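The values are calculated or read from the model by the stated rules, or taken from the named source; none is laboratory data. Since the model is a prediction, treat every value here as computed from it, not as a measurement. Neighbour counts are summed over all protein chains in view; Cβ atoms, including those assigned to glycine, are modelled from backbone coordinates with ideal geometry.
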Amino acid sequence: MNKTGLFYATGTEKTAAIANKIKNAFGEDTIDIVPVERAWKKDFEKYDYLIVGTSTWFDGELPSYWDEMLPELKELDLRGKKVAIFGLGDQVNYPDNFVDGIGLLAEIFKGVGAELAGFTSTAGYYFNSSKAVKNGRFLGLAIDTEIQPEKTEERIRNWVEELKEQGFGK
């Protein structure tokens with residue numbers, strides 16, 4: 001049985017709300033919640049599939065809970081594992097670094113051998129620049145609860161269906 005772990009900071013209200021919506025879209029017992037504030041190297045390595053969530057702080061930075069983990073994350077061996085990333089951002093007030101956190105985490109996880117999954121279209125978003133965009137697509141699921149809250153449910157539902165097709169949540 002393949003296992004999926006959902007990693008996010010449980011103390012961040014908006015990211016936690018989106019993570020819970022993702023978990024519910026998969027079904028209650030199909031993925032494990034792992035608070036990133038208490039995660040260790042072994043927690044990341046024990047899952048075949050990882051979903052990781054972050055917001056983007058300030059001018060395109062990772063929040064402190066991820067930033068503090070960088071030394072440990074860079075020591076992971078995730079070869080043969082898939083990682084899907086979701087991120088929150090504000091495309092109007094931060095158009096020059098919208099959901100940069102997705103791109104920053106993607107670089108780290110790819111650097112330790114993980115295969116990235118769950119790319120999404122940039123259509124319907126309005127921003128200038130993002131480290132989360134490669135080859136015209138987001139490297140994960142971009143959520144803007146400030147400007148486009150009405151699109152959140154559908155974006156999550158579509159993303160989760162795509163991830164299920166790739167083996168997540170089984």
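Scanning region 88-121 for residues that are in contact with a Ser or Thr (Cβ under 7 Å, 6 or more places away or on another chain) and surrounded by fewer than 20 Cβ atoms within 10 Å (Cβ to Cβ) gives a single hit, ASP96. Restricting region 1-43 to residues that are of a type in the set (A, V, I, L, M, F, W, C) and over 14 Å from the mean Cα position of the chain (by Cα), the residue that is nearest to SER64 (Cα to Cα) is ALA39. Could you tell me which numbered condition ILE18 fails, if it satisfies all but one of (1) surrounded by fewer than 16 Cβ atoms within 10 Å (Cβ to Cβ); (2) touching a residue at least 24 places away in the same chain (Cβ under 8 Å)? Going through the list (1) surrounded by fewer than 16 Cβ atoms within 10 Å (Cβ to Cβ); (2) touching a residue at least 24 places away in the same chain (Cβ under 8 Å), ILE18 breaks only (1). Output the qualifying pairs, or none if there are none: Cβ atoms under 7 angstrom, residues six or more apart or on different chains, first residue in region 147-162 and farther than 13 Å from GLN91 by Cβ and modelled with pLDDT of 95 or more, second residue surrounded by 13 or more Cβ atoms within 10 Å (Cβ to Cβ) and among the small types (Gly, Ala, Ser). Listed pairs, sorted by first residue: ILE156/ALA25; ARG157/ALA25; TRP159/GLY118; VAL160/ALA25; GLU162/GLY118.
Of the residues making up region 81-109, those that are over 26 Å from LYS3 (Cβ atoms), out of contact with any strand residue (DSSP E or B) (no Cβ under 9 Å at 6 or more places or on another chain) and not aliphatic (A, V, I, L, M) are ASP90, ASN93, TYR94, PRO95, ASP96.
Just for region 123-148: of the residues that are of a type in the set (Ser, Thr, Tyr) and buried (at least 16 other Cβ atoms within 10 Å of the Cβ), which one is farthest from LEU6 (Cα to Cα)? Show your work before the answer.
Start the filter on region 123-148 by keeping residues that are of a type in the set (Ser, Thr, Tyr), which leaves 125-126, 129-130, 145.
Checking the rest, the ones that are also buried (at least 16 other Cβ atoms within 10 Å of the Cβ) come to 125, 130, 145.
Numbers: TYR125: 25, SER130: 23, THR145: 20 Å.
My answer is TYR125.
Go through region 7-20 and count every residue that is of a type in the set (A, V, I, L, M) and either in contact with a Leu (Cβ under 8 Å, 6 or more places away or on another chain) or assigned to a loop (DSSP other than H, G, I, E, B) (or both). Quick ask: steps written out before the conclusion?
Keep residues of region 7-20 that are of a type in the set (A, V, I, L, M), which gives 9, 16-19.
Checking which are either in contact with a Leu (Cβ under 8 Å, 6 or more places away or on another chain) or assigned to a loop (DSSP other than H, G, I, E, B) (or both) leaves us with 9, 18-19.
Counting residues in region 7-20 that are of a type in the set (A, V, I, L, M) and either in contact with a Leu (Cβ under 8 Å, 6 or more places away or on another chain) or assigned to a loop (DSSP other than H, G, I, E, B) (or both) gives 3.
Screening THR56 with (1) over 15 Å from the mean Cα position of the chain (by Cα); (2) of a type outside the set (Phe, Trp, Tyr); (3) under 24 Å from GLY124 (Cβ atoms) gives one miss only, at (1). In the set (1) under 14 Å from ILE22 (Cα atoms); (2) part of a loop (DSSP other than H, G, I, E, B); (3) modelled with pLDDT of 95 or more, the condition left unmet by GLY169 is number (3). Restricting the search to region 21-44, which residues are in contact (Cβ under 8 Å) with a residue 12 or more places away in the chain and part of a helix (DSSP H, G or I)? Answer for region 21-44, where residues must be in contact (Cβ under 8 Å) with a residue 12 or more places away in the chain and part of a helix (DSSP H, G or I): LYS21, ILE22, LYS23, ALA25, PHE26, VAL36, GLU37, LYS41, ASP43, PHE44.
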